[in-house]
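Okay, structure first, notes after.
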Amino acid sequence: MKMATYSVLSGSVALITLQNPPVNALSEAVRTGITDAVQRTLKDPQVTSVVICGQNGRFCGGADIREFAGPMSGPPLVPMIHALEAMEKPVVAAIEGLALGGGLELALGCHYRIAHSQALLGLPEVTLGLLPAAGGSQRLPRLIGLPAALDLITTGRHISASEALKLGIVDQVTDDNALKMAVEFARSVVGQPLGPRRLSTRPCHSPPDVDSVLDQALAQVWQRGRGALAPVACVGALRAAATLPYAQGMEKERELMATLFNSGQARALQYAFFSQRVVGKWQPSGARWDNSTTRTIRKAAVIGLGTMGRGIVVALALAGVSVVAVESQEKQLAAARQMVPEMLQRGAGRRGLDTPPGVISFSSGLEDVSEVELVIEAVFEDMALKRRIFSRLATVCRPGTVLCSNTSGLDIDQLAEATQNPALVVGMHFFAPAHVMKLLEVVCGPRSSPEAVATAMVLGKRMGKVSVAVGNCPGFVGNRMLKPYMEQANFLLEEGATPQQVDEALEGFGFPMGVFRMSDLSGLDVGWRVRKEAGLTEQGVEPTRMRQGQRYSPLPDQMCEGGRLGQKTGRGWYRYDGPGGRVARSDPWVQNFLETYRARHGLVPRRIATEEILERCLYALTNEGFNILQDGVAAGPEDIDVIYVFGYGWPRHRGGPMFHAGQVGLARVLEKLEHYQHSHPDVPHLKPSSLLRRLVAAGSPPVQKWREFISKDRVHSQL
Ligand code: COA
Ligand code: NAD
């Protein structure tokens, strides 16, 4: 099959059109089509120039990522692009919509590039654990110089047509029809020398201090990459471009790609790419919400303008939604009136907007929300208060208004009960800071209607979030899994570890911050309040280490009682240069506190290996993920993994906790959990999930098959 058509316009311009919707990815059939079209062009004496374009206003989204999973067949890209570049007739790329990855590499093999002003260009291979290995790493620095190529290739960022013009990647940009312009342009350059237009024959213009530029870039990608291999390989390929002739540079590009292509990181990143696209479609119940009708929200309200509410207001306004922002405390209202416009301006600036598209009005009373189509409540995490607000909203708002809560883990159904129409109540769980963090958990209560869920999902997407539908249980998905992770970290302190040791192990794995540095940043009082509400804290008496029949660490409660709330008080698991300080320093006080605590409880400290820290923290978290899948709180492992990558700093090149468990081997994870459960029988959350056992018994199917396995398992258990 060929998925690139060949036609001749006005007898002399050959037009090659890529046809592989939705993004004209360079599948085997497309490559075959292009290769054949090039041959026809060469043979047709009437043709004096060539234009390459993509169907439906999209030039090309790059290599077909789906093909990476199997053996590659069909014409390879490198010789195909060389053949284009070597043609004696001018070849012009008409870039509409997008030219990404292999798409841009194809365009770099053309002699000229004309782009539409709305087009996006880039070499995002690094985000898939790869490098631009169809000559991109060698041609781009020859076109735009080493420093700019280092930036684009190691970050994989998409750039606008105007930036591409400034950098010299494209020759012209138009607001009109780019294809028409490319055809006229192709005619106009017939007969001009093509030698200088062939990027492979150009020298690479490197700065005089090329080694130090490359070394700096390497240091930067090490630091930023948190263990990711692809950015390092990208710098290696660019070093080859800057220091070797083109043919040897291509050889180096090929070698580096060969190591990356079969790496676990590349598989993890490609899994992450497809997971992000899968999660937008399913509800935990297994039903597809995207078949439901949704309401387009033009006007919304946010109740409570604290840390979260302010960020939500900004994110809504940037998405073009007009907002009524309500706060009951005068001081908080005044602070929001000052802070929200500043945050909004910065947010609009980042997006290249002069003013945000949505209008904001402030109020101190709920009666002003009567005209909105959706409300997001973000008051204190207090069930009684939230229920009062929901009951009041149900009377103030028009019938049909969708009512959402930003609760971090309270029961959505109890909130729904306080209203007359529980079907219209859903959770919209944003992450701090809400206008920056990409994750949104949309919590489906047992009575939430598909329409209300779909409305929240679509609104989240409009706000630039990755929306994941999750079920209703304490902590939903993300925070429910975080609890065992944090508990293990506390137990490790009791047993002899230090906060630095635990954090360094987790940061070495790839988290941007270890669990204790993270706690200091978000405030130790957040979890303290939740534990108090759950009746777990024992103030005033010598706290015991058992609660409700299970081991419990009162260490974080004691820290809070001593006023050590983290960065906000300048003291937490670390010490800071005063309240609000950011630089964490180890604190002898904490060391002393831990030693006294251990002595008081008769705990003999032991040396704890990094391996044990990682296995106990990460497998306890993952084990809860299996329980979540079994309970039907997440639709599939992809949903959990996307939540952890986007909301909790799980390193993307490790795919997510469930994918990682598959890579480690489910049997090994099970064996380790059994081992730790045996040596710590009183520690909760180490008891292996029965779903994990069943998956191991079934031969550990790959993560992509778990959804199907679970649904069959569920049907079976209902029989
Ligand atoms: N290969 C195979 N499939 C691809 C693809 C590619 N290079 N790029 C996109 N797709 C698929 C998506 O998986 C999705 O499939 P689905 O509808 O079955 O879920 C569909 O095309 C649409 O993609 P989506 O991301 O939902 O559309 P969008 O308009 O929001 O974004 C892109 C389009 C091209 C910006 C985005 O898909 C993207 O970044 N693709 C990867 C580009 C890339 O990295 N290329 C280099 C490959 S080495
Ligand atoms: P916050 O204490 O910073 O702000 C809460 C605000 O609600 C305060 O300004 C308070 O005056 C206001 N408020 C209280 N009662 C009100 C009423 N009747 N009418 C109007 N306003 C009222 O709290 P926060 O950190 O923004 O958290 C808000 C919600 O978001 C909680 O449910 C919390 O669990 C959840 N959440 C917090 C985070 C986080 O990291 N802070 C993350 C995700 C979710």
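The values are calculated or read from the model by the stated rules, or taken from the named source; none is laboratory data. Nothing here was measured: the structure is a model prediction, and the numbers come from that model. A quick note on method: Cβ atoms are made from the backbone with ideal geometry, for glycine too, and the neighbour counts reach across all protein chains shown.
Taking Val92 as meeting all but one of (1) within 16 Å of ligand 1 (Cβ to nearest atom); (2) buried (at least 24 other Cβ atoms within 10 Å of the Cβ), write down the number of the exception.
(1)
Could you pull out the residue among Phe380, Phe362 that is surrounded by fewer than 15 Cβ atoms within 10 Å (Cβ to Cβ), aromatic (Phe, Trp, Tyr) and away from ligand 1 (no atom under 16 Å from the Cβ)? Full working, then the answer.
Working: Phe362 fails: surrounded by fewer than 15 Cβ atoms within 10 Å (Cβ to Cβ).
Only one candidate passes the filter, namely Phe380.
Restricting to region 139-162, count the residues that are within 16 Å of ligand 1 (Cβ to nearest atom) and either under 26 Å from Ala219 (Cα atoms) or crowded, with 21+ Cβ neighbours inside 10 Å (or both). Working first, answer last.
Of the residues in region 139-162, the ones within 16 Å of ligand 1 (Cβ to nearest atom) are 139-140, 152-161.
Add one more test, that the residue is either under 26 Å from Ala219 (Cα atoms) or crowded, with 21+ Cβ neighbours inside 10 Å (or both), and what stays is 139-140, 152-159, 161.
The total comes to 11.
Any chance region 523-532 includes a residue that's touching a residue at least 24 places away in the same chain (Cβ under 8 Å), part of a helix (DSSP H, G or I) and among the basic types (Lys, Arg)?
Yes, that holds for at least one residue.
Quick one: which residue in Glu67, Glu88 is assigned to a loop (DSSP other than H, G, I, E, B) and among the acidic types (Asp, Glu)?
Glu88
Of all residues in region 676-701 being surrounded by fewer than 14 Cβ atoms within 10 Å (Cβ to Cβ) and farther than 22 Å from Val633 by Cβ, which is modelled with the lowest pLDDT?
Asp682
Identify, by number, the condition in (1) away from ligand 1 (no atom under 16 Å from the Cβ); (2) at pLDDT 95 or above; (3) part of a helix (DSSP H, G or I) that Gly460 doesn't meet.
Among (1) away from ligand 1 (no atom under 16 Å from the Cβ); (2) at pLDDT 95 or above; (3) part of a helix (DSSP H, G or I), Gly460 violates only (1).
Say whether the condition of being assigned to a helix (DSSP H, G or I), of a type outside the set (S, T, N, Q) and within 16 Å of ligand 1 (Cβ to nearest atom) is met by at least one residue in region 35-55. Outline the logic, then answer.
Taking region 35-55 and keeping what is assigned to a helix (DSSP H, G or I), we get 35-43, 55.
After this cut, where a residue has to be of a type outside the set (S, T, N, Q) as well, the list is 36-38, 40, 42-43.
Then drop every residue that is not within 16 Å of ligand 1 (Cβ to nearest atom), which leaves none.
Among the residues of region 35-55, not one is assigned to a helix (DSSP H, G or I), of a type outside the set (S, T, N, Q) and within 16 Å of ligand 1 (Cβ to nearest atom), which makes the answer no.
Hey, can you tell me all the residues within region 339-383 that are more than 14 Å from Val314 (Cα to Cα) and part of a helix (DSSP H, G or I)?
Leu366, Glu367, Asp368, Val369, Met383
Restricting attention to strands (runs of 3 or more DSSP E) lying wholly within region 400-453, give those where 3 or more residues are away from ligand 1 (no atom under 16 Å from the Cβ) and within 20 Å of Lys299 (Cβ to Cβ).
Result: 402-405, 425-430.
Is it the case that region 217-229 has a residue that's among the β-branched types (Val, Ile, Thr), closer than 30 Å to Gly508 by Cβ and buried (at least 17 other Cβ atoms within 10 Å of the Cβ)?
Looking for residues that are among the β-branched types (Val, Ile, Thr), closer than 30 Å to Gly508 by Cβ and buried (at least 17 other Cβ atoms within 10 Å of the Cβ), one finds at least one in region 217-229, hence yes.
Of all residues in region 566-615, count the ones that are of a type in the set (D, E, K, R), closer than 23 Å to Phe509 by Cβ and surrounded by fewer than 15 Cβ atoms within 10 Å (Cβ to Cβ).
Here the count works out to 5.
Only one of these conditions is not met by Gln248: (1) in a helix (DSSP H, G or I); (2) buried (at least 19 other Cβ atoms within 10 Å of the Cβ). Which number is it?
(2)
Just to be sure, is Ser212 under 33 Å from the mean Cα position of the chain (by Cα) and either small (Gly, Ala, Ser) or crowded, with 18+ Cβ neighbours inside 10 Å (or both)? Let's see the steps before the verdict.
On the way: under 33 Å from the mean Cα position of the chain (by Cα): yes; either small (Gly, Ala, Ser) or crowded, with 18+ Cβ neighbours inside 10 Å (or both): yes.
So Ser212 passes the test.
Between residues in region 362-379 that are over 22 Å from Val458 (Cα atoms) and residues that are within 16 Å of ligand 1 (Cβ to nearest atom) and charged (D, E, K, R), which pairs lie under 8 Å by C-beta distance while being six or more apart or on different chains?
Close Cβ pairs satisfying both conditions: none exist.
Residue by residue through region 298-321, note down the ones that are surrounded by fewer than 21 Cβ atoms within 10 Å (Cβ to Cβ), under 24 Å from Ser449 (Cβ atoms) and not charged (D, E, K, R).
Once the filter is applied, which keeps residues that are surrounded by fewer than 21 Cβ atoms within 10 Å (Cβ to Cβ), under 24 Å from Ser449 (Cβ atoms) and not charged (D, E, K, R), region 298-321 yields only Ala319.
Out of Pro79, Pro75, Pro45, I need the residue that is touching a Ser or Thr at 6+ places or on another chain (Cβ under 6 Å) and either within 16 Å of ligand 2 (Cβ to nearest atom) or free of Cβ contacts under 8 Å to residues at least 60 places away in the same chain (or both). Which one?
Within the list Pro79, Pro75, Pro45, the selection yields Pro75.
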